[in-house]
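Scroll down for the structure; my scribbles are underneath it.
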Amino acid sequence: MTARDTTPAIDALLHVPLRITARLGFCRMTISEVLKLGNGSVVELDRAAGEPIDLLANERCIARGEIVAVDDRFAIRIVELLGPHA
């Protein structure tokens with residue numbers, strides 16, 4: 001099979017929507033701790049400031065990056081693309 005033979009199959013997938021998520025980190029909390037959260041509460045995550053964040057496509061990690069500001073929005077600069085078995 002040549003690249004020309006696979007093009008129609010790939011073209012059929014190009015418009016399939018994906019859910020893209022930026023994951024900053026995790027933490028474990030009890031229900032009582034969650035209920036105590038309010039304005040100004042701080043939730044400590046499992047990563048240090050400045051560590052790369054994960055970029056997920058349909059809940060699968062595909063890349064790592066860093067948070068940047070673009071105009072008045074946050075964005076992600078990709079610093080590492082992960083292989084299919086990452």
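The values are calculated or read from the model by the stated rules, or taken from the named source; none is laboratory data. Just so it is clear, the model here is predicted, and its values are computed rather than measured. All Cβ positions, even for glycine, are placed from backbone atoms using ideal geometry, and neighbour counts span all protein chains on display. Quick note on the areas: whole protein, heavy atoms, side chains included, nothing else; ligands and nucleic acids left out. Shrake-Rupley method; radii C 1.70, N 1.55, O 1.52, S 1.80 Å.
General observations
- Rolling a 1.4 angstrom probe over the chain with all protein chains present gives an accessible area of which 57% lies on carbon and sulfur atoms.
- The residues of the chain expose, per residue, 89 Å² of accessible area to a 1.4 Å probe.
- For the chain, the 222 nm mean residue ellipticity estimated from helices alone, with every DSSP H stretch of n ≥ 4 adding -39500 (n - 2.57) and the total spread over all residues, rounds to -5000 deg cm²/dmol.
- 10 Å beta-carbon shell around L24, net charge (K/R +1, D/E -1): -1
- Count Lys and Arg as plus one, Asp and Glu as minus one, and take only other residues whose Cβ is under 13 Å from that of L56; the net charge is then +2.
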